[in-house]
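> If you scroll down you'll find the structure; I have some questions about it.
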Amino acid sequence: MSSPGARNDGPSEWKDAATVLTGAGLPTDPVRASGDRPFAEHVRAALDRWTRLLAAREAGILRGRDPEDLHRGRVAVRRMRAVLRTGRDSLDRTWCSGLRAELGWLGRELGPVRDLDVQLAELDRLRTELEQARIPALEQLRAALGEHREHARSELLEALRTERYRALLVSLATAVRDGVPATGAAEPGARVLRRKLGEQLRAVHEKGRDMPAAPEDSRLHGLRIAVKRLRYCAELAVPVLEEEPPRRVMTAAERLQDVLGQHQDAVVTEQWMRRLVGEGTAPGRSRRLGPESVLLAEEVVRRCRLRRERLRTGWAEHWRELVDTAAAWSEHARRQ
């Protein structure tokens, strides 16, 4: 199996992801795994699914015309890291941690461009609410964000043309072709997923139960990460267990993650507006924001603060819904 940690840069001949995967022996037909199959087979099937999705979005990511291509590619990387994290107790630890590390590297390369796409979309939504006289100020903020995006995109394109990226694709294709290295007893996937889902539910419950009425941003972000892991685990479990309780867990987790995600987006938008003002008004900088652009950035910050305050008090309702769902799941799991 190719080492997921390969780092030699500059392949002599660039090949697209589909060509690399085919050359590395990715099966023609998608991998399937039923509930009675070993858990490692479910990891293999998940890697197969998300590897194919990443490859399918690569051309769009390189073109850079539709932000959805980058978003879906980043989702694929996150899902693969999540399934490896879920299965790490059942898989060869060295192999698992190495592959997760390389997927983490790719995710960090994809992340800055995606984050800036979100900020640009936020400004585009604001455009519909502004008077025509304020549009030039908006365009100046948008241009400043666009400069950061172009720099991040240049770095991303370099990463996608390295031998390190190609070696990661080969490692994924090899794992799908040959199977992922497992350790210990080959437990049925359904049994492992029931246990893992329970563990993730407990982690979310512990994160949320001690929260104050209006928690700090960092604590909500920590809860968001725990909920995201729960959701990814539930998404893996639903088609395998074919039972209604896991589906209800997944739906409740999606609702809570959406609220917490909106809160985090507001936090990041505020940070970016402050950064643009700091950069755009500093002496000696090539781009100086005009007074109207600074005022507009400050208005965006105020809007973000109001949104954060609303979401900071509204998350608990969705958390309680998830906790109620978790109680029903625990009862169901005990009867299995």
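> Taking the C-alpha atoms of the chain, how large are the radius of gyration and the largest Cα-Cα span, Dmax, in Å?
That works out to 22.2, 69 Å for Rg and Dmax.
> Here's another thing I want to ask about it. The range 212-261 to the range 57-135: how many Å between their Cα centroids?
18 Å
> Which residues among the range 38-64 fall inside the zone where the amide N is under 18 Å from a point 7 Å beyond the Cα of residue 22, along Cα→Cβ?
51-60
> Next up: Please report, as a whole percent, how much of the solvent-accessible surface of the chain comes from carbon and sulfur atoms (probe radius 1.4 Å).
Values: 7600 of 16460 Å².
After summing per-atom areas, the C and S share lands at 46 percent.
> Let me ask something else. Given points 7 Å out from each Cα along the Cα-Cβ axis, report the residue 129 to residue 298 separation in nanometres with one decimal.
1.8 nm
> If you roll a 1.4 Å probe over the heavy atoms of the protein chains, what accessible area per residue do you get for the chain, in Å²? Walk me through the intermediate numbers first.
Working: 16460 Å² over 336 residues.
About 49 Å² of surface per residue is accessible.
> Out of the trypsin sites (Lys or Arg not before Pro) in the range 57-152, which ones are loop residues according to DSSP with at most 16 other C-beta atoms within 10 Å?
On the way: sites: 57, 63, 65, 72, 74, 78, 79, 81, 85, 88, 93, 100, 108, 114, 125, 127, 134, 142, 149; in loops: 65, 88.
Loop-located and lightly packed - 65, 88.
> How high is the relative contact order of the chain, in percent, with contacts defined as C-alpha pairs under 8 Å that are six or more residues apart?
Working: 386 pairs, mean separation 77.3, N = 336.
It rounds to 23 percent for the chain.
> If Lys and Arg each add +1 and Asp and Glu each add -1, what is the summed charge of the other residues whose beta carbon sits under 10 Å from the beta carbon of residue 246?
On the way: positive: 194, 247, 248; negative: 235, 242, 243, 244.
Every neighbour counted, the sum reads -1.
> Under 14 Å from the Cα of residue 15, which aspartates and glutamates turn up, not counting those fewer than eight places away in the same chain?
Answer for residue 15, where 14 Å is the Cα cut-off: 58, 158, 163, listed by chain and number.
> Would the range 153-258 count as rounded, prolate or oblate if I go by the C-alpha gyration tensor, calling it rounded below 1.5 in a/c and otherwise prolate when a/b exceeds b/c, oblate otherwise? Can you show the working numbers first?
Values: a/c = 2.46, a/b = 1.25, b/c = 1.97.
Here the range 153-258 falls in the oblate category.
The values are calculated or read from the model by the stated rules, or taken from the named source; none is laboratory data. Small disclaimer: the values here were computed from a predicted structure and weren't measured. Here the Cβ is made from the backbone with ideal geometry for all residues, glycine too, and neighbour counts use every protein chain on show. These accessible areas exclude ligands, DNA and RNA; they are computed on the full protein's heavy atoms, side chains included. Shrake-Rupley method; radii C 1.70, N 1.55, O 1.52, S 1.80 Å.
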